[in-house]
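I have placed the structure first, in the form of structure tokens, so that the comments after it can refer back to it.
Values quoted throughout were computed directly from the atomic coordinates according to the rules given, and no laboratory measurement underlies them. All values reported here derive from a predicted model rather than from experimental measurement. Please note: Cβ atoms are built from the backbone with ideal geometry, for glycine as well, and neighbour counts cover all protein chains shown.
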Amino acid sequence: MLSCKHIVDLGTDYLDQELNFWKKAEMKMHLMICGPCRRYIKQLKQTITMLSHWRMKQPTTEQLEQLKSNYQKAVSEG
């Protein structure tokens, strides 16, 4: 059976369904009896989901101009 360290090492492969049948079965067996590893996999899945929905917004031209103006003002005062 896999150790907790193996679960951590294989977590993303497990969630991405990249493990072969036997490794996947070993993961499932370990997760059935190990609460901390179940929590880890659940948190990993939530993190991946959250990050996949996060998009970095590009600033508008107006926001860039305002930032530039604020920077120039701070430099000239400092």
Could you list the chymotrypsin sites (Phe, Trp or Tyr not before Pro) in the chain that lie in coil according to DSSP, counting only those with at most 12 other Cβ atoms within 10 Å of their Cβ? W54
Interchain or long-range residues, amide H under 5 Å from C34's placed H: none
Let me have the relative contact order for the chain, percent, based on Cα pairs under 8 Å that are six or more residues apart. 29
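Of all trypsin sites (Lys or Arg not before Pro) in the chain, which ones are in loop regions per DSSP and have a Cβ with at most 13 other Cβ atoms within 10 Å?
Here the trypsin sites (Lys or Arg not before Pro) that fit, given the DSSP loop and packing criteria, are R55, K57.
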Along the charge dipole of the chain, pointing to its positive end and built from +1/-1 on Cβ of Lys, Arg, Asp and Glu, which listed residue (H6, H53, A25) has its Cα farthest out? A25
Size of the dipole of the chain about the Cα centre, Lys and Arg at +1 and Asp and Glu at -1 on the beta carbon, nothing else charged, in debye to 20? 360
Under 19 Å from a point placed 7 Å out from the Cα of S3 along the Cα-to-Cβ direction: which residues of region 31-61 have their backbone N that close? 31-38, 40-41
GNM top mover of Q63, Q43, Q17 - the chain, alpha-carbon springs below 10 Å: Q63
Here the residues of region 47-68 lying in the modelled label zone of V75, meaning backbone nitrogen under 16 Å from a point 7 Å along Cα-to-Cβ, are 64-68
Between E18 and M56, what is the spin-label point distance in nm, taking each point 7 Å from the Cα along the Cα→C-beta axis? 2.2
I need two numbers for the chain: Rg to one decimal and Dmax as a whole number, Cα atoms only, in Å. 22.7, 66
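Summing Lys, Arg as +1 and Asp, Glu as -1, what charge do residues with Cβ under 12 Å from the Cβ of K24 carry, K24 excluded? Numbers along the way, then the final one.
Numbers: positive: K23, K28; negative: D13, D16, E18, E26.
The answer is -2.
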